[in-house]
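Before any comments, here is the structure.
The values are calculated or read from the model by the stated rules, or taken from the named source; none is laboratory data. It should be emphasised that the depicted structure is a prediction, and the values quoted were computed from it without experimental measurement. Every residue, glycine among them, receives a Cβ derived from its backbone with ideal geometry; neighbour counts consider all protein chains shown.
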Amino acid sequence: DVIVVNAQPYERRSRTTLHYCKLQCMLSQQQGATRCASFVYDLLQQVCDLFSHTGDAAPSWLLDFHSRDYFEPNFGEGCDLKKRLPPETTNS
């Protein structure tokens, strides 16, 4: 139950799921011009805010807030996209 204060997300997605929010953050590490360093998901409103910095990087800070969760990708073994996403197919 945390939000990022005094910062603007580089991207906001509405009517989305937590799973999709996590996926967008991970994909930005491989494909995006801006890399996701953290994100906040609003469970009640189903809104995903992606940030290019961690929530406690000055001048922003983290604040307790009901119904919102803060995440930072750690890209551990279980988050390896190459292992989780289906292989790309090519038409020959």
- Message: Just the residues that are under 18 Å from Asn74 (Cβ atoms) and exposed (fewer than 13 other Cβ atoms within 10 Å of the Cβ), please, taken from region 3-42.
- Response: His19, Gln30
- Note on the structure: Of the listed residues (Asp69, Asp56), the one being closer than 16 Å to Ile3 by Cβ, surrounded by 12 or more Cβ atoms within 10 Å (Cβ to Cβ) and in contact (Cβ under 8 Å) with a residue 60 or more places away in the chain is Asp69
- Heads up, the strands (runs of 3 or more DSSP E) in the chain (entirely inside) with at least 1 residues that are at pLDDT below 90 are 2-5, 61-64
